[in-house]
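The values are calculated or read from the model by the stated rules, or taken from the named source; none is laboratory data. Owing to the predicted nature of the structure, the values given are computational and were not obtained by experimental measurement. Heads up, the Cβs are rebuilt from the backbone with ideal geometry, glycines too, and the neighbour counts pull from every protein chain shown. All accessible areas refer to the heavy atoms of the entire protein, side chains included, with ligands and DNA or RNA removed. Shrake-Rupley method; radii C 1.70, N 1.55, O 1.52, S 1.80 Å.
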Amino acid sequence: MPVVRDNATALYRQIADRLRDEIAARLFEPSGRLPTESEIGTRFGVSRVTVRLALDRLEADGLIERRKGKGTFTAGKRVQHPLDRLRSFHESLRLQGLDATMQPISARIVATPPDLREDFGPHCLEVCRLHLVDGEPVALGRSLLPPALEPVDWQAAGHKPIYGILQDIVGKPVGGADIEVKAAAADAEVATALGLPAGAPVLVMERRSVFVGGGCADRSVFHIRSERYSFILSHRWQG
């Protein structure tokens, strides 16, 4: 529906109200990204100055946020992780249609914690990767893995989920996982990685995955920006 040019309401306010309704209707999901200023201007047949006034109004109302070099997004866009499906953290992001990437931070052999020695032996592989959405960090993941994964080139592995790498190297699929979610304060390392002040609240997801047929596949801890992420658990009645 075009804007009404002889309406007493200013053009930029009409555009702002139209975009406000579309944000409420979640038309810009799953990424939360709005069209460019040029695209909005073409759509409504107005100048870029008018578009900027409309976006200024939405920004003042806390509905959008502008990210330099990346575009305009709905404010507080939250990504979701379903707890009732067996998916790796990264796969869950990608399946929502998000521009999800991973940045390897470190991979090293460490002493295996006592409760994992039966599965991993005296040493295991610790891998740390930063998860990003639209180039913005959302989670810092630390995984303890079988030592058989030591030869993996984690830079070359790119966006491949750990579950896929485990099956390729170990030859067994992951068949289940126990997950615990809790709140915590970000320590200095986590805060720096996620771009938060030290002590900021974060969500902590602890996951222990097992192979089909038994045996620990990985034990991972994800520190997650709480304002960008939510966990979803669905139940269905069996009647």
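Per the conditions (1) surrounded by 17 or more Cβ atoms within 10 Å (Cβ to Cβ); (2) out of contact with any His (no Cβ under 8 Å at 6 or more places or on another chain); (3) closer than 30 Å to ARG33 by Cβ, the sole criterion not satisfied by PRO197 is (1). Residue count for the range 39-54, restricted to those that are in contact with a helix residue (DSSP H, G or I) (Cβ under 7 Å, 6 or more places away or on another chain), in a helix (DSSP H, G or I) and of a type outside the set (Phe, Trp, Tyr): 8. Pairs are defined by a Cβ separation below 9 Å, a sequence spacing of at least 6 or placement on different chains, a first member in the range 145-157 that is closer than 10 Å to ARG108 by Cα, and a second member that is part of a loop (DSSP other than H, G, I, E, B) and among the polar types (S, T, N, Q); the pairs so defined are PRO147/THR112. Which of the residues that make up the range 6-65 are buried (at least 16 other Cβ atoms within 10 Å of the Cβ), of a type in the set (S, T, N, Q) and at pLDDT 90 or above? GLN14, THR50 - these are the residues of the range 6-65 that are buried (at least 16 other Cβ atoms within 10 Å of the Cβ), of a type in the set (S, T, N, Q) and at pLDDT 90 or above.
Within the range 165-176, track down each residue that is in a strand (DSSP E or B) and open to solvent by less than 40 Å² (accessible area, probe 1.4 Å). Before you say what the answer is, go through the steps one by one.
At the first step, the residues of the range 165-176 found to be in a strand (DSSP E or B) are 174-176.
Result: VAL174, GLY176.
Checking the conditions here, which among ARG94, ARG108 is touching a strand residue (DSSP E or B) at 6+ places or on another chain (Cβ under 6 Å), open to solvent by 50 Å² or more (accessible area, probe 1.4 Å) and over 30 Å from GLU227 (Cα atoms)? Testing whether each residue is touching a strand residue (DSSP E or B) at 6+ places or on another chain (Cβ under 6 Å), open to solvent by 50 Å² or more (accessible area, probe 1.4 Å) and over 30 Å from GLU227 (Cα atoms) leaves just ARG108. Condition (residue is in a strand (DSSP E or B), closer than 29 Å to LYS68 by Cα and out of contact with any Phe, Trp or Tyr (no Cβ under 9 Å at 6 or more places or on another chain)) applied to the range 137-148: is it met by at least one residue? Scanning the range 137-148 turns up at least one residue that is in a strand (DSSP E or B), closer than 29 Å to LYS68 by Cα and out of contact with any Phe, Trp or Tyr (no Cβ under 9 Å at 6 or more places or on another chain). Is there a residue in the range 188-201 that is part of a loop (DSSP other than H, G, I, E, B) and within 25 Å of PHE120 (Cβ to Cβ)? Scanning the range 188-201 turns up no residue that is part of a loop (DSSP other than H, G, I, E, B) and within 25 Å of PHE120 (Cβ to Cβ).
Looking at GLY214, is it small (Gly, Ala, Ser) and in contact (Cβ under 8 Å) with a residue 24 or more places away in the chain?
Details: small (Gly, Ala, Ser): yes; in contact (Cβ under 8 Å) with a residue 24 or more places away in the chain: no.
Taking the combined requirement at face value, the residue does not satisfy it.
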